[in-house]
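Every read-out reported here was derived from the displayed coordinates using simple, explicitly stated rules and does not represent laboratory data. As the structure is a computational prediction, the values presented were derived from the model and not from experiment. Don't worry about glycine lacking a Cβ; one is built from the backbone with ideal geometry, like all the others, and counts go over all protein chains shown.
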């Protein structure tokens, strides 16, 4: 979709799903592995020397 601006210049409008990443990062349901380990450490559910493969499911703090 093209739009005209004064003096005949055109620009493409941006689809709403492609807007800035700041709106996407506001609330994520899936955590990266290092974030899950940090969360488990904070909750006291992480033991030093544990494997990072097969971590329990965790929900992010609000």
With each pseudo-label sitting 7 Å past Cα toward Cβ, what's the residue 57-residue 41 distance in nm, one decimal? 2.5
Among 49-59, 30-40, how do they line up by average Cβ neighbours within 10 Å per residue, starting with the highest? 30-40, 49-59
